[in-house]
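Here's the structure we're looking at; comments come further down.
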Amino acid sequence: MIARILSSVAVLALSSGMAAAEYKLTILHTNDFHSRFEPINKYDSACDAEDQAEGKCFGGTARLVTAIAEARARAGNSILVDGGDQFQGSLFYTYYKGRMAAEFMNKLGYDGMTVGNHEFDDGPEVLRGFMDAVGFPVLMSNADVSAEPALAGVLKKSTVITRGGERIGLIGLTPEDTHELASPGEHVTFSDPVAAVQAEVDRLTADGVNKIIVLSHSGYGVDQKVAAETTGVDVIVGGHTNTYLSNVSDKAAGPYPTEVNGVQIVQAYAYGKFLGELNVMFDGAGNVISATGEPLIMDAAVSEDAGTLDRIAELAQPLDQIRNKVVAETAAPIEGDRSVCRVQECEMGNLVADAMLDRVKDQGVTIAIANSGGIRASLDAGEVTMGEVLTILPFQNTLSTFEITGEVLVEALENGVSQVEDIKGRFPQVAGMKFTWDASVAPNAGRVREVMVADGGGFVPIDPQKTYLVVTNDYVRNGGDGYAMFEGDDKNAYDFGPDVADVLAEYLAEQGAYAPYTDGRISRSE
């Protein structure tokens, strides 16, 4: 009897100890902010004064200041992390590069972020300047930067932070194909995400860390693969695919969090429209007991911090003359959302490709190819400002013309439709041609079924042996988004044409009240 009582006491003591060892952490997170310091409209573009007055705007740093402060106040232990791609996307980045992002991320009090592919848009030097300016770790596990002077010894694979007396491991993850998506330079090489994450997990675990969060800019699909094929990861805070996860919306791509192999995966769409809030309970051994939450929408119900508004207005002054200039008019909204343009013909894709071809058709150019990854926003109806145009096409790409055979053009289209399932930016929007592709065929195994090119007033089958004069942007012409077949000095190329944003603005201005359209130039069979 005494032994039984002592045993019961021991069990109770153990249970009490376990309960005391439980640890709750609130993970606040953002991803793919893309320099949207000012509010956005429902098309993810700049919000005008009228929509702002009517409460139709979302996001903006001033709302995040308020929302993050409120979330911290209701949490016990909390961290704020980012899934990458703070850079690029508005005139603020064009003018300030990473300096403005650094200022406001410091103000918001981030605890860490991963490198997104767009952090490399202006090379390792600009990324290094940003890293020097922020007061938190910037991480990337699946790359070797030892040969890059700007990053060697500075850009870490992982780190450990302490919150509420508990050590938390953070690991960074970047797209393995960043060399195709941005400009990391020849001295940075990228590697398999699964092996890279597992190596850092093992190192952190050996150091006694039992709560591990991956900050991933590799996309929802890759995040699920990493979760399934690694051990020791507790949470993955994602980015790159602008995925909206939710438990209350029928527009969500999956639940928040999405659980795979015991790993909790979250992502909060993009552009500061949502603040992710995940509440995780760990047991004494660092195992996740529960994980609940929901992305919080940054709508008009969230008040804007006055001091932040004032600072953004101050930083906007040098830009206002450029971005407020009205350059054109549209008769209807123009669809440019990535979920559409990266998988099929879309209105914005047709507009951009048509504008590119129109600009150089008097040079004998007959075909235009635009990568959908270069299209970053939709457009509402009415007046179009230069600021809106620069939000749609923010990358300062120039027109490139070159000669290529019909055979290689078909190869390029194969590349363009090779990653549709992952909603990649290489999907081609075209003008002067039309094609059909078959989704049931494996990538790069003959998905492109029929290609027709403009000839006089109609279309004729592409001639594999004929040389065509093509226009694209300088990024694609030099191998970006997997278009390696366009690279080289043997194509009579000229890469220094006008900025594609200027071309689009001037083309729109010539159209009067532009009416968006699709005409079946890209069709899909199963």
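The values are calculated or read from the model by the stated rules, or taken from the named source; none is laboratory data. This structure is a prediction, so every number in the text was calculated from the model and none was measured. A quick note on method: Cβ atoms are made from the backbone with ideal geometry, for glycine too, and the neighbour counts reach across all protein chains shown. For accessibility, only protein heavy atoms count, side chains too; no ligands or nucleic acids. Shrake-Rupley method; radii C 1.70, N 1.55, O 1.52, S 1.80 Å.
Here is a check on your reading of the model: is residue 347 at pLDDT 95 or above and open to solvent by 10 Å² or more (accessible area, probe 1.4 Å)?
Here the answer is yes, as residue 347 does meet what is asked.
Going by what's in this entry, would residue 162 be described as open to solvent by 40 Å² or more (accessible area, probe 1.4 Å), over 19 Å from residue 87 (Cβ atoms), without any contact (Cβ under 8 Å) to a residue 12 or more places away in the chain and of a type outside the set (A, V, I, L, M, F, W, C)?
So residue 162 fits the description; yes.
Okay, residues lined up against (1) farther than 18 Å from residue 336 by Cβ; (2) of a type in the set (D, E, K, R):
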{"site": "364", "(1), (2)": "yes, no"}
{"site": "367", "(1), (2)": "yes, no"}
{"site": "374", "(1), (2)": "no, no"}
{"site": "378", "(1), (2)": "no, no"}
{"site": "384", "(1), (2)": "no, no"}
{"site": "388", "(1), (2)": "no, yes"}
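Pairs under 6 Å by beta carbon, first residue in a loop (DSSP other than H, G, I, E, B) in the range 507-526, partner of a type in the set (Lys, Arg), six or more apart or different chains?
Listed pairs, sorted by first residue: 521/434.
Filter the range 39-54 down to the residues that are open to solvent by less than 40 Å² (accessible area, probe 1.4 Å) and in a loop (DSSP other than H, G, I, E, B), then identify the one that is nearest to residue 301 (Cα to Cα).
39
Filter the range 398-414 for residues that are open to solvent by 10 Å² or more (accessible area, probe 1.4 Å) and assigned to a helix (DSSP H, G or I) and give the result.
407, 408, 410, 411, 414 - these are the residues of the range 398-414 that are open to solvent by 10 Å² or more (accessible area, probe 1.4 Å) and assigned to a helix (DSSP H, G or I).
One line per residue, one yes/no per condition, for (1) modelled with pLDDT of 95 or more; (2) polar (S, T, N, Q); (3) within 16 Å of the chain's Cα centre (by Cα); (4) surrounded by fewer than 18 Cβ atoms within 10 Å (Cβ to Cβ):
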| site | (1), (2), (3), (4) |
| --- | --- |
| 83 | yes, no, yes, no |
| 90 | no, yes, yes, no |
| 93 | no, no, yes, no |
| 101 | yes, no, yes, no |
| 116 | yes, no, yes, no |
| 120 | yes, no, yes, no |
| 132 | yes, no, no, yes |
| 141 | yes, yes, no, no |
| 151 | yes, no, no, no |
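Can you name the residue in the range 209-259 that is touching a His at 6+ places or on another chain (Cβ under 7 Å) and not small (Gly, Ala, Ser) and, of all such residues, is modelled with the lowest pLDDT?
The extreme case among them is 240.
Hey, could you check the range 415-430 for residues that are polar (S, T, N, Q) and either out of contact with any Phe, Trp or Tyr (no Cβ under 9 Å at 6 or more places or on another chain) or under 16 Å from residue 221 (Cβ atoms) (or both) and say which is most open to solvent (accessible area, probe 1.4 Å)?
So, considering only residues that are polar (S, T, N, Q) and either out of contact with any Phe, Trp or Tyr (no Cβ under 9 Å at 6 or more places or on another chain) or under 16 Å from residue 221 (Cβ atoms) (or both), the one most open to solvent (accessible area, probe 1.4 Å) is 419.
Could you please give the count of residues in the range 154-183 that are farther than 16 Å from residue 79 by Cα, assigned to a loop (DSSP other than H, G, I, E, B) and either at pLDDT 95 or above or among the hydrophobic types (A, V, I, L, M, F, W, C) (or both)?
Residues that pass the stated criteria total 7.
Scan the range 136-169 residue by residue and report those that are hydrophobic (A, V, I, L, M, F, W, C) and out of contact with any Phe, Trp or Tyr (no Cβ under 8 Å at 6 or more places or on another chain).
Result: 139, 140, 145, 147, 150, 151, 152, 154, 155, 160, 161, 168.
Residue 496 fails exactly one of the following numbered conditions: (1) part of a loop (DSSP other than H, G, I, E, B); (2) under 30 Å from residue 244 (Cα atoms). What is the number of that condition?
Checking residue 496 against (1) part of a loop (DSSP other than H, G, I, E, B); (2) under 30 Å from residue 244 (Cα atoms), the one that fails is (2).
Considering (1) in a strand (DSSP E or B); (2) closer than 19 Å to residue 194 by Cβ, say which one residue 224 fails and leave the rest.
All conditions are met except number (1).
Check off (1) open to solvent by 80 Å² or more (accessible area, probe 1.4 Å); (2) within 15 Å of residue 416 (Cα to Cα) for residue 441 and give me the number that stays unchecked.
(1)
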